[in-house]
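Here it is: the structure, laid out below.
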Amino acid sequence: MNTVAAGMGLGALASTSLVVALTGTPPLRRPRLDDRLSPYLRDAPRPSRLLVRAPSRTPFPTVERLLAPVLADLARGVDRLVGGGNTVRRRLEAAGRDQTLEDFRVEQVVWGAVGLLAGLAVTVLLLVARDGANPVPLVALCLLTTTVGVLARDRWLTRDVRRRDERMLAEFPTIAELIALAVAAGDGPVGALERVSRLSAGELSGEIRRALAETRAGAPLAAALTDIGARTSLAQLARFVDGIAIAIERGTPLAEVLRAQAVDVREAGKRALLEAGGRKEIAMLVPVVFLILPVTILFAVYPGFYGVVLNVP
């Protein structure tokens with residue numbers, strides 16, 4: 001009886017599966033509303049996903065395509081462990097990168113894999129040099145190098161943000177004076193910004209071109225300029241774009257505002273140079289106090305001490 005019931009169940013399952021498979025084939029499948037409307041609403045036929053080449057996020061695109069599901073799972077795991085997704089997005093925008101958070105997490109996974117390989121290489125060398133080494137410190141070493149690789153990519157992003165801010169701060173006085181000259185010559189705010197962004201090149205010019213593109217797309221100019229200050233961490237640049245926005249809204253003389261902003265930034269640059277010089281001066285005392293001075297004292301004291309020792313009966 002049990003055998004007959006099992007046979008009946010297997011037969012019912014097989015027949016049900018066959019019916020579902022046959023009704024799911026294109027000739028028998030009922031077309032959906034999306035399938036019927038898409039030829040009339042789509043401008044061009046969508047290419048096959050097998051022919052579309054996504055941008056590579058690693059130095060090995062073929063291996064990346066093969067291991068894409070594994071990399072995606074590892075990237076989600078890193079995101080859960082590290083956290084701070086909103087902060088990473090802001091820093092990616094501040095660094096001028098078009099990457100998404102997922103792309104950045106994949107890069108962190110790759111850097112962690114490089115750290116793991118380095119740890120494994122050191123582990124193999126230690127195992128070859130020492131027979132019967134304790135595996136616990138070696139496993140801890142591999143975990144440490146992997147963690148260092150993941151965190152090093154995050155640190156490198158912070159370094160990119162800082163360098164881009166320095167370049168923008170160096171370009172800022174010249175850009176502000178050029179905009180002031182264009183406004184004084186009779187151009188409007190939008191025309192002056194377009195002229196300066198067309199004639200100059202750099203990080204700040206790229207941000208101005210992006211703001212102008214947002215303005216042509218329908219966003220207010222003041223809001224587009226305010227977004228520049230929000231994407232960067234420079235207080236001077238934030239005050240600059242806020243000054244332009246306020247001058248446009250209230251009709252105040254824009255050229256004078258821009259010249260004053262440029263003078264303020266140049267003065268801030270001078271103060272930064274003086275502060276950097278003071279820090280370097282203090283740093284120069286370290287080798288003098290801890291290296292040169294002890295050697296000098298040794299050369300001055302040792303001959304007398306040696307002579308006293310020789311004269312002792």
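A short reminder: the numbers here are calculations on the coordinates, not readings from a lab. Source: prediction; values computed, not measured. In this analysis, Cβ positions are derived from the backbone assuming ideal geometry, glycine residues included, and neighbour counts consider all displayed protein chains.
Eigenvalues of the Cα gyration tensor times 5, then square-rooted: what semi-axes does that give for segment 166-270, in whole angstrom, largest first? Could the numbers behind the result be given before it?
Details: eigenvalues 65, 49, 37 Å².
Largest first, segment 166-270 gives 18, 16, 14 Å.
Same structure again: Summing +1 for each Lys or Arg and -1 for each Asp or Glu, what net charge is found among the other residues whose Cβ lies under 12 Å from the Cβ of R210?
Working: positive: R209, R216, R231; negative: E93, D98, E203, E207, E214, D227.
Here the count lands on -3.
What FRET efficiency would be calculated for the residue pair V286, L81, taking the C-beta separation as r and a Förster radius of 41 Å, to the nearest 0.05? Display every interim value, and only then the final one.
Working: r = 38 Å, r/R0 = 0.93.
After rounding to 0.05, the efficiency reads 0.60.
When I208, I292 are ordered from fewest to most other Cβ atoms inside 10 Å of their Cβ, what list results?
On the way: I208 23, I292 10.
Exposure proxy ranking, most exposed first: I292, I208.
On to the next question. Loop-only check: which trypsin sites (Lys or Arg not before Pro) in segment 97-168 are DSSP coil with at most 11 other Cβ within 10 angstrom?
Numbers: sites: R97, R105, R130, R153, R155, R159, R162, R163, R164, R167; in loops: R97, R130.
Answer in residue order: R130.
Taking R0 as 45 Å, what FRET efficiency do you get between T296 and V190 from their Cβ-Cβ distance, rounded to the nearest 0.05?
Details: r = 66 Å, r/R0 = 1.46.
The calculated FRET efficiency here is 0.10.
Oh, and also: Kirkwood hydrodynamic radius, segment 61-163, all distinct C-alpha pairs: what's the number in Å? Each step should come with its number before you reach the end.
Numbers: mean 1/r = 0.0668 Å⁻¹.
Over segment 61-163, the inverse of the mean reciprocal pair distance is 15.0 Å.
Apply 1/(1 + (r/R0)^6) to the Cβ-Cβ distance of L120 and T158, taking R0 = 25 Å, and write down the FRET efficiency to the nearest 0.05.
Working: r = 28 Å, r/R0 = 1.10.
With a Förster radius of 25 Å, E is 0.35.
Could I ask something else about it? Compare the Cα positions of I208, A268, L234 along the charge dipole of segment 166-270 (+1 at Cβ of Lys, Arg; -1 at Cβ of Asp, Glu; about the Cα centre) and return the one farthest towards the positive end.
Ranked along the dipole, the leading option is I208.
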